[in-house]
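For reference, the structure is listed below as structure tokens.
The values are calculated or read from the model by the stated rules, or taken from the named source; none is laboratory data. Just so we're clear, the structure is a prediction, and the values are computed from it rather than from any experiment. For neighbour counting, all protein chains shown are included, and Cβ atoms are generated from backbone atoms with ideal geometry for every residue, glycine included. SASA here: full protein model, heavy atoms, side chains in, ligands and nucleic acids out. Shrake-Rupley method; radii C 1.70, N 1.55, O 1.52, S 1.80 Å.
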Amino acid sequence: MTATRHPQFPNLIVFDHPLLAHKITLLRRTDTPKKVFKELIDEISTLMAYEVTADLPSEACEVETPLERTAGTHVHGARITLIPILRAGLGMVEGVMRLLPTMRVGHIGLERAHDTLEPSDYYFKIPPDPEKGHFIVTDPMLATGGSASAAITFLKRSGAKSIRLMCIVAAPEGVAKLASDHPDVPVYSAVLDRELDENGYILPGLGDAGDRLFGTL
Ligand code: PRP
Ligand code: URA
């Protein structure tokens, strides 16, 4: 897997891997059925999670092999919390947790108004002691950036300090908004698309991720 800082957006880490590119191509197709769409979001999330978690803290420990005691490494999964932005962010949870099942999961419910594109919140539940943990916010789509920025603002208000954003398709407008509102938050995206259309949809994009995941088209 190759994940590198984008030359134009220092807050953005983008991926360059043929398997990811292949799966994103399938995800974009209009005729990809709901079941396959969901599986692709899940698989892409697992592939990305390897890099998104690369700099999270680990501790030295000892392990008993059948032959002797040796040095090992332990990652405290319970200190890492996934925060899916409802609804579409939910589709990424299992894929990330496959690599570290002891992670906790918080939820932030946000909905973007179709006319103003402004996000409003309807749910917020995260584990206690947020200042001690590491947070990975998941949402497959970063369009205007309004939803992700609001979710991160809510998290910071609750005390969270170590936050990263994991999305699958990002628009330059959303990445720029995150750089301006939350310059301390790295944004991991499988791909950076061209632009937004007049309705705030990402081009070329994949349409409405929540609707395609949950069959509410
Ligand atoms: C979509 C998507 C993001 C948001 C991105 O959610 O899942 O959360 O839009 O757009 P933005 O960057 O311009 O804020 P939506 O509000 O449609 O809700 P849903 O997940 O329930 O479909
Ligand atoms: N939300 C989506 O689901 N898709 C877009 O293209 C933009 C926002």
Of all the residues that make up the range 196-217, how many are open to solvent by 50 Å² or more (accessible area, probe 1.4 Å) and under 18 Å from residue 118 (Cα atoms)?
3
Tell me yes or no: at least one residue of the range 167-188 is of a type in the set (Asp, Glu), at pLDDT 95 or above and out of contact with any Ser or Thr (no Cβ under 8 Å at 6 or more places or on another chain).
yes
Taking residue 60 as meeting all but one of (1) in a strand (DSSP E or B); (2) touching a residue at least 24 places away in the same chain (Cβ under 8 Å); (3) open to solvent by 40 Å² or more (accessible area, probe 1.4 Å), write down the number of the exception.
(2)
Which ones in the range 1-54 are closer than 25 Å to residue 172 by Cβ and of a type in the set (D, E, K, R)?
5, 16, 23, 28, 29, 51
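Do we have any residue at all in the range 159-169 that's out of contact with any strand residue (DSSP E or B) (no Cβ under 7 Å at 6 or more places or on another chain) and within 16 Å of ligand 2 (Cβ to nearest atom)?
So far as the range 159-169 goes, no, none of its residues is out of contact with any strand residue (DSSP E or B) (no Cβ under 7 Å at 6 or more places or on another chain) and within 16 Å of ligand 2 (Cβ to nearest atom).
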Select from the range 17-33 the residues that are open to solvent by 70 Å² or more (accessible area, probe 1.4 Å) and either assigned to a helix (DSSP H, G or I) or over 19 Å from residue 205 (Cβ atoms) (or both) and list them in ascending order.
18, 19, 22, 25
Consider only pairs whose beta carbons are under 8 Å apart and that are at least six residues apart or on different chains; among these, list those whose first residue lies in the range 186-215 and is closer than 20 Å to residue 48 by Cβ and whose second residue is at pLDDT below 95 and among the charged types (D, E, K, R).
210/87; 213/87
Screening 52, 36 for residues that are touching a residue at least 12 places away in the same chain (Cβ under 8 Å) and open to solvent by less than 80 Å² (accessible area, probe 1.4 Å) leaves only 52
Hey, could you check the range 171-180 for residues that are more than 9 Å from ligand 1 (Cβ to nearest atom) and buried (at least 18 other Cβ atoms within 10 Å of the Cβ) and say which is nearest to residue 197 (Cα to Cα)?
172
Sole exception among (1) within 14 Å of ligand 2 (Cβ to nearest atom); (2) among the β-branched types (Val, Ile, Thr); (3) farther than 16 Å from residue 90 by Cα for residue 152, by number:
(1)
